[in-house]
Amino acid sequence: MAILGAINPMLTVGLDGDNAWRLDDYVKRGGYSALKKIIAEKTPTDQIIKEVKKSVLRGRGGAGFPTGLKWSFMPKYFPGDKYVICNSDEGEPGTFKDRDILRYNPHSVIEGMAIAAYAIGAARGYNYIHGEIWEIYKRFEEALDEARAAGLIGKNILGSGFDFELFAHHGYGAYICGEESALLDSIEGKKGQPRFKPPFPANYGLYGKPTTVNNTETFSAVPFILNHGADAYLEAGKPNNGGTKLFSVSGHVNRPGNYEIPLGTPFATLLEMAGGVRGGRKLKACIPGGSSAPVLPAQTIMDCTMDFDSISKAGSMLGSGAVIVMDETTCMVRALERLSYFYYEESCGQCTPCREGTSWLYKVVHRIEHGQGRADDLDLLRSVTTNIMGRTICALGDAASMPVQSFVKHFQDEFAYHIEHKKCLVPPEIQRAGSGFFKATV
Amino acid sequence: MLTTESIQKIDREIAKYPPDRKQSAVMAALAIAQEELGWLPNEAIEFVANYLGMEPIAAYEVASFYNMYDLKPVGKHKLTVCTNLPCMLSGGVDAAEYLKMKLGIDFNETTPDGRFTLKEGECMGACGDAPVMLVNNRRMCSCMQPEQIDNLLAELE
Ligand SMILES: Cc1cc2nc3c(=O)[nH]c(=O)nc-3n(C[C@H](O)[C@H](O)[C@H](O)COP(=O)(O)O)c2cc1C
Ligand code: FES
């Protein structure tokens, strides 16, 4: 089980045994009671949206946008089809929480989506699942079959007159499809390229119809909010940062994995839950919200609590909640080189500043790492990032730029050393030992 | 072009979408075709396009945009290793180096006996289990230390 620890869990509560993902188990844990109540009592949709707003559930996909507010943007009296879409494309390096939610608690996502569909008046939904996690896609389809057989999705759900059809759609290897408008094009059977906004999906989404897109973890929190009330959810976190969140901790820790903790929990507590820094070494830096979030040096992150506001005050982003831990064996230039390669590879190529800019960023960081850096390369990197940011259709350009800016800012000495001495400040054998792969050499 | 079984699978995918939106099934249909044929020759892409009533060029665009489609033949076992930063910190790059050494090939190459193709992958959403690798797009292998890699290669031979 890859959910390795929790404090006051809501999303991962009671997930014991191999069958926890099955419908029977979910129902035994109180599952589908929120949906059943709503459709039996015909709860007014405004009331549901109000409750979700009050809970201050903020989107778990990266941007932290208030979920209730997003739902309220859906046109109420639109005569045609509307759609609800779950974003399980989870491709942001460092993030592996949605996979575990789908693996251990898929019905919480189905129930959350059904409630959202009811609230926004959608009769059809899709869950877009990252192509690399095939076994999870298959499991989700099985969970859907269970729900369908039990009359919990489909036509006239439990005799209530409410229809909701839900299907799984798989990706096939494109990070950009995590961006919601690219994801919609991808479901339409096209290349996944982000759309100009406005119009936003609430007005012009899948097949041009009003659409709400939320992250897997966002949907999975909805049943709790309706069962226990917005206040219970909000109070579990901290003001303006409702509820708990799953944090995917990776990199140099003793117990990498997912941890569910209330928003506002100190970073130090999370690090301790993950077994501390590997081999008892010293923490060097941490990317607190997935690879697109600015890196923070050890002393800064150690003073943070894990919530949107604290991390943003410290100069980074909570993003997807992917905590990438780097210890003193890490060469920051090499780390950035790999991230820059990723954005260069995954830029969809639609906008010139992003297509050309990500290529430049990678080329320059690559040459610094390989001992061919030039004296003005750090200035060059900074200027390339300012020429990308804000000049692209989607946020991938910003996502590529923020790591560069923050690595160069906080670890300038290390980059300068590389350029001057044509080698890493951290000797290669130390870097190699850090990964723990060739155990014999540690 | 494809077996009845594959066609049935594709039909199941088409049924997920509104009747006038068959094109939505193109990603799944191409994946099904690749699973049967091992890779995607142009004729397969055209076949899928015709079956879904879309322009072949549109299907080709999809096949070339997404990384997991193979537009050239690959070995019997395609191994995709994640080397992105979170995995790299826990041995992803070392695992790739180890595989290159054991198989005697570089990324995007196939062993002379046609058994293995090696690919570099991006984050698979499994960084806590690093090093991770994917076999033929379907089976994810976790925590691949040298011993586990040896076992996997032996099993796939
Ligand atoms: C390049 C890029 C990649 C993204 N990847 C993901 C992703 O993998 N999963 C996700 O939920 N959101 C991702 N997003 C954010 C989505 O566009 C969208 O904001 C989110 O799915 C909304 O759900 P939420 O409000 O519940 O967070 C990405 C955004 C960008 C710009
Ligand atoms: S970085 Fe390798 S799976 Fe995420």
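The values are calculated or read from the model by the stated rules, or taken from the named source; none is laboratory data. Nothing here was measured: the structure is a model prediction, and the numbers come from that model. A quick note on method: Cβ atoms are made from the backbone with ideal geometry, for glycine too, and the neighbour counts reach across all protein chains shown. Heavy atoms of the whole protein, side chains included, go into the accessibility calculation; ligands, DNA and RNA do not. Shrake-Rupley method; radii C 1.70, N 1.55, O 1.52, S 1.80 Å.
So, B:Leu79, is that one open to solvent by less than 20 Å² (accessible area, probe 1.4 Å) and away from chain A (no Cβ under 14 Å) or not? Here the answer is no, as B:Leu79 does not meet what is asked. Filtering region A:66-83 to residues that are touching a strand residue (DSSP E or B) at 6+ places or on another chain (Cβ under 8 Å), part of a loop (DSSP other than H, G, I, E, B) and open to solvent by less than 80 Å² (accessible area, probe 1.4 Å) leaves A:Met74, A:Lys82.
Here A:Tyr233 meets the list (1) on the phi > 0 side of the Ramachandran plot; (2) within 16 Å of ligand 1 (Cβ to nearest atom) almost entirely, failing just condition (1).
Inspect region A:188-206 for any residue being more than 10 Å from chain B (Cβ to nearest Cβ), at positive phi and open to solvent by 10 Å² or more (accessible area, probe 1.4 Å) and give the result as yes or no. No, region A:188-206 contains no residue that is more than 10 Å from chain B (Cβ to nearest Cβ), at positive phi and open to solvent by 10 Å² or more (accessible area, probe 1.4 Å). Of all residues in region A:365-411, those being touching a Leu at 6+ places or on another chain (Cβ under 7 Å) and of a type in the set (Gly, Ala, Ser) number 1.
Residues of region B:19-31 that are more than 19 Å from the chain's Cα centre (by Cα) and either exposed (fewer than 12 other Cβ atoms within 10 Å of the Cβ) or among the hydrophobic types (A, V, I, L, M, F, W, C) (or both): B:Pro19, B:Asp20.
Looking at region A:416-427, is at least one residue within 16 Å of ligand 2 (Cβ to nearest atom), within 14 Å of another protein chain (Cβ to nearest Cβ) and open to solvent by less than 60 Å² (accessible area, probe 1.4 Å)? No, there is no match, as no residue in region A:416-427 is within 16 Å of ligand 2 (Cβ to nearest atom), within 14 Å of another protein chain (Cβ to nearest Cβ) and open to solvent by less than 60 Å² (accessible area, probe 1.4 Å).
Against the conditions (1) surrounded by 15 or more Cβ atoms within 10 Å (Cβ to Cβ); (2) under 19 Å from the mean Cα position of the chain (by Cα), B:Pro73 satisfies every one except (1).
Within region B:14-24, the set of residues being facing chain A (nearest Cβ under 7 Å) and either on the phi > 0 side of the Ramachandran plot or not in a loop (DSSP other than H, G, I, E, B) (or both) comprises B:Gln23, B:Ser24. Quick check: anything in region A:398-407 surrounded by 15 or more Cβ atoms within 10 Å (Cβ to Cβ), away from chain B (no Cβ under 14 Å), among the aromatic types (Phe, Trp, Tyr) and at negative phi? There is no residue in region A:398-407 that is surrounded by 15 or more Cβ atoms within 10 Å (Cβ to Cβ), away from chain B (no Cβ under 14 Å), among the aromatic types (Phe, Trp, Tyr) and at negative phi.
Show me the helices (runs of 4 or more DSSP H) entirely contained within region A:1-58 in which 2 or more residues are small (Gly, Ala, Ser) and open to solvent by 40 Å² or more (accessible area, probe 1.4 Å).
Output list reads A:33-41.
Filtering region A:267-283 to residues that are over 20 Å from the mean Cα position of the chain (by Cα) and away from chain B (no Cβ under 11 Å) leaves A:Ala268, A:Thr269, A:Glu272, A:Met273, A:Gly275, A:Gly276, A:Val277, A:Gly279, A:Gly280, A:Arg281, A:Lys282, A:Leu283. If you filter region B:101-125 down to residues that are within 14 Å of chain A (Cβ to nearest Cβ) and in contact with a Leu (Cβ under 9 Å, 6 or more places away or on another chain), you find that the one that is nearest to A:His130 (Cα to Cα) is B:Met124. All conditions in (1) of a type in the set (Gly, Ala, Ser); (2) within 21 Å of B:Gly128 (Cβ to Cβ); (3) more than 16 Å from ligand 2 (Cβ to nearest atom) hold for A:Ala232, with the sole exception of (2).
A single entry from A:Asp231, A:Asp185 fulfils the requirement of being touching a residue at least 24 places away in the same chain (Cβ under 8 Å) and part of a helix (DSSP H, G or I): A:Asp231.
In the list B:Ala154, B:Ala126, B:Ala130, which residue meets the criterion of being under 29 Å from A:Gly257 (Cα atoms) and surrounded by fewer than 19 Cβ atoms within 10 Å (Cβ to Cβ)?
Matching residue, one of B:Ala154, B:Ala126, B:Ala130: B:Ala154.
Listed conditions (1) more than 9 Å from chain A (Cβ to nearest Cβ); (2) over 18 Å from A:His170 (Cβ atoms) are all met by B:Ile32, apart from (2).
Which pairs have Cβ atoms under 9 Å, sit 6 or more apart or on different chains, and link a residue in region A:50-76 that is without any contact (Cβ under 8 Å) to a residue 24 or more places away in the chain and more than 16 Å from ligand 2 (Cβ to nearest atom) to one that is polar (S, T, N, Q) and in a loop (DSSP other than H, G, I, E, B)? Matching pairs, first to second residue: A:Gly68/A:Ser55. The single condition among (1) touching a Cys at 6+ places or on another chain (Cβ under 7 Å); (2) more than 13 Å from every other protein chain (Cβ to nearest Cβ); (3) within 16 Å of ligand 1 (Cβ to nearest atom) that A:Pro294 does not meet is (1). Among the residues of region A:235-246, count how many are open to solvent by 30 Å² or more (accessible area, probe 1.4 Å) and within 24 Å of A:Gly276 (Cα to Cα). Result for region A:235-246: 0. Taking A:Leu166 as the residue in question, decide whether it is more than 9 Å from chain B (Cβ to nearest Cβ) and open to solvent by less than 10 Å² (accessible area, probe 1.4 Å). So A:Leu166 fits the description; yes. Examine region A:216-228 for a residue that is assigned to a loop (DSSP other than H, G, I, E, B) and closer than 23 Å to A:Asn127 by Cα, and state whether such a residue exists. Checked region A:216-228: no residue is assigned to a loop (DSSP other than H, G, I, E, B) and closer than 23 Å to A:Asn127 by Cα. Picking from residues in region A:79-129 that are within 13 Å of A:Leu206 (Cβ to Cβ) and more than 16 Å from ligand 1 (Cβ to nearest atom), the one that is farthest from the other protein chains (Cβ to nearest Cβ) is A:Lys82.
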